[in-house]
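S.K.: I have a structure I would like to understand better, so I am pasting it below and will then ask my questions one at a time.
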Amino acid sequence: MRIYAVGDIHGRADLLANVFKRIDSDRAISPACRVIEIYLGDLIDRGPASRGVIDLLIERGSRREIVCLKGNHEDLALRFLVDPSLFATWTKLGGRETLMSYGLTPLVRGFDEQEALARAFGGALPPAHRSFLMGLPVFYACGDFLFVHAGIKPGLALERQREMDLLWIRDEFLDWDAPFEKMIVHGHTPVLEADFRRNRINIDTGAYATGKLSCLRIEGVDLRLV
Ligand SMILES: [Mn+2]
């Protein structure tokens, strides 16, 4: 069994298409019985093509075994649909680019306009995109590894973790250097190079700004970047 885990995409459909090609040629060179692709969340926002990223992942999922996890950005986009007052919070984190990728013009001054925009976003989201976003799991466990967007709260059993921490946690998790129940593979906090620690691996290499989308291949004890 082999896993390919991919870091934060943030609206870079161009880089995602390239990662698909790399994975496919890696598989052609060295076949495996079962292959799972895991996308670590923050699929949308900041970059220019969030809608395109979701289209690509839905299409990929029809031909490959893939798992797309929820990131804090997908969380905010979904919450904006029911709570338009989150407009400012979301757009500070790159939500404007997502709205634009769905053909909307996010010029907002007052609350009425936030409400209208949230309604327009709901209308512009194809049903397949809405159910894709609403169906994203918050973690995926496999063997000795746990895949999650941001990290886990140290000292708390996996089954007691709260979604808020799994999607948003930073320092408390990143500064923890004792072992966790499993090796944690995560994104969320950009680093210049994939960061391999004793208890966790961070593969968010800030794709939207750096042009570098990292993909980690795991097979048995062999870990390598694709
Ligand atoms: Mn994030």
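S.K.: Taking the 0 to 90 degree range and rounding to the nearest ten, how far is the long axis of helix 111-124 tilted relative to the main principal axis of the chain, both from C-alpha atoms?
M.R.: Roughly 60 degrees between the two axes.
S.K.: Taking a ≥ b ≥ c as the square roots of the eigenvalues of the Cα gyration tensor of segment 156-226, is the shape rounded (a/c under 1.5), prolate (a/b larger than b/c) or oblate?
M.R.: Details: a/c = 2.00, a/b = 1.29, b/c = 1.55.
Cα axes put segment 156-226 in the oblate bin.
S.K.: I'd like the antiparallel share, as a percent to the nearest 5, of DSSP beta bridges with both residues in the chain. Numbers along the way, then the final one.
M.R.: Values: 14 of 28 bridges.
Approximately 50 percent, going by the DSSP bridge assignments.
S.K.: For segment 117-226, what does the accessible surface come to per residue with a 1.4 Å probe? Please give it in Å². Let's see the in-between values first.
M.R.: Numbers: 5560 Å² over 110 residues.
Ligands and nucleic acids excluded, the result is 51 Å² per residue.
S.K.: For segment 1-57, what does the accessible surface come to per residue with a 1.4 Å probe? Please give it in Å². Please list the in-between numbers first.
M.R.: Details: 2050 Å² over 57 residues.
Computed with neighbouring chains in place, this is 36 Å² per residue.
S.K.: Using Cα pairs closer than 8 Å and at least 6 residues apart in sequence, work out the relative contact order for the chain, in percent.
M.R.: Values: 445 pairs, mean separation 54.7, N = 226.
Relative contact order of the chain: 24 percent.
S.K.: Something else about it: Determine the relative contact order of segment 62-136: mean sequence separation of Cα pairs under 8 Å and six or more apart, normalised by residue count, in whole percent. Show your work: numbers first, answer last.
M.R.: Details: 48 pairs, mean separation 27.1, N = 75.
Normalised by residue count, the contact order of segment 62-136 is 36 percent.
S.K.: While we're looking at this one, here's another question. What does the helix-only formula give at 222 nm for the chain: each DSSP H stretch with n ≥ 4 adding -39500 (n - 2.57), the total divided by the residues, and the result rounded to the nearest 500 deg cm²/dmol? Please list the in-between numbers first.
M.R.: On the way: 10 runs with 89 residues, N = 226.
Counting only the DSSP helices, I get -11000 deg cm²/dmol.
S.K.: May I pose another question? Put a dot 7 Å past each Cα toward the Cβ at Ala141 and Glu115; how far apart are the dots in nm?
M.R.: Using points 7 Å along Cα→Cβ, the separation is 4.4 nm.
S.K.: Pulled fully out, how much extra length does the chain show between Lys153 and Phe196, if you take 0.36 nm times their separation in residues and subtract their Cα-Cα distance? Walk me through the intermediate numbers first.
M.R.: On the way: separation 43, 0.36 × 43 = 15.48 nm, distance 1.88 nm.
Full extension from Lys153 to Phe196 adds 13.6 nm.
S.K.: Further, regarding this structure: Write down the percent of antiparallel bridges among all DSSP beta bridges whose residues are both part of segment 101-226, to the nearest 5.
M.R.: So the antiparallel bridges amount to about 60 percent of the total.
S.K.: In a Gaussian network model over the chain where Cα atoms closer than 10 Å are linked, find which of Asn72, Asn202, Asn18 has the largest mean-square fluctuation.
M.R.: Maximum among the listed residues: Asn18.
S.K.: So what's the angle, to the nearest 10 degrees on a 0 to 90 scale, between helix 13-29 and the longest Cα principal axis of the chain?
M.R.: Tilt of helix 13-29: around 20 degrees.
S.K.: In debye, nearest 20, what is the charge dipole magnitude of the chain about its Cα centre with +1 on Lys and Arg Cβ and -1 on Asp and Glu Cβ, if you could check?
M.R.: On the way: 29 positive and 31 negative charges, 92 e Å.
Using only the charged Cβ atoms, the result is roughly 440 debye.
S.K.: Related question: In percent, what relative contact order does segment 54-183 have, based on Cα pairs under 8 Å that are 6 or more apart in sequence? It would help to have the intermediate numbers written out before the result.
M.R.: Numbers: 130 pairs, mean separation 32.5, N = 130.
In percent, rounded to a whole number, it is 25.
S.K.: Principal axis lengths of the chain from Cα atoms, whole Å, largest first?
M.R.: Largest first, the chain extends 54, 41, 29 Å along its Cα principal axes.
S.K.: Round to the nearest 10 and give me the degree value, 0 to 90, for the angle of helix 72-82's Cα axis relative to the longest principal axis of the chain.
M.R.: On a 0 to 90 degree scale, this one is about 30.
S.K.: Using Cα positions and a limit of under 22 Å, work out the lysines in reach of Lys21, with same-chain residues fewer than 8 apart set aside.
M.R.: List returned: Lys212.
S.K.: Another question, then. For segment 88-101, what does the Karplus curve 6.51 cos²θ - 1.76 cosθ + 1.60, with θ = phi - 60°, yield as ³J(HN,Hα) per residue in whole Hz, taken in order and with x for Gly and Pro?
M.R.: For segment 88-101, the Karplus-derived couplings read 5, 4, 5, 5, 5, 9, x, x, 4, 5, 5, 4, 5, 5 Hz, x marking Gly and Pro.
S.K.: By how many nm would the segment from Asp14 to Glu172 grow when fully extended, if each residue of separation counts as 0.36 nm and the alpha-carbon distance is taken off?
M.R.: Values: separation 158, 0.36 × 158 = 56.88 nm, distance 3.32 nm.
Working it through step by step, the gained length comes to 53.6 nm.
The values are calculated or read from the model by the stated rules, or taken from the named source; none is laboratory data. Predicted, not measured: the structure shown is a model, and the values here were computed from it. Here the Cβ is made from the backbone with ideal geometry for all residues, glycine too, and neighbour counts use every protein chain on show. Areas reflect the complete protein model, heavy atoms only, side chains present, ligands, DNA and RNA absent. Shrake-Rupley method; radii C 1.70, N 1.55, O 1.52, S 1.80 Å.
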